[in-house]
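Data first, discussion second: the structure below is written as structure tokens.
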Amino acid sequence: MWARKQANESRAIPRDYLDGVGAFPERLPWLILTGRFPHDCQLMVDQWAEWALGVVEAWPMT
């Protein structure tokens, strides 16, 4: 799903900082704070999509 793909791609960014090669290391505290919001939104979209798929699959075919 889209949200899971986005979350997986975003994982490389913090890894760069842990390896000491992240861009703008002085901005790290703000990046951590603001990076949490899109991460949580991506997880929420993924959870909603799984729920919605289950609902739609239970609908009658008519």
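Here, each number is a calculation from the coordinates, and none is a lab measurement. None of the values given here were measured: they were computed from a predicted structure. Every residue, glycine as well, gets a Cβ built from its backbone with ideal geometry; the counts of neighbours run over all protein chains shown.
I'd like to check something: does the stretch 7-14 contain any residue that is surrounded by fewer than 12 Cβ atoms within 10 Å (Cβ to Cβ) and not in a helix (DSSP H, G or I)? Yes, the conditions are met somewhere in the stretch 7-14. Would you be able to say whether some residue in the stretch 20-37 is surrounded by 11 or more Cβ atoms within 10 Å (Cβ to Cβ) and in contact with an Asp or Glu (Cβ under 6 Å, 6 or more places away or on another chain)? Yes, some residue in the stretch 20-37 is surrounded by 11 or more Cβ atoms within 10 Å (Cβ to Cβ) and in contact with an Asp or Glu (Cβ under 6 Å, 6 or more places away or on another chain). Within the stretch 19-62, being of a type in the set (A, V, I, L, M, F, W, C), under 20 Å from Gln6 (Cβ atoms) and not in a helix (DSSP H, G or I) holds for one residue alone: Ala23.
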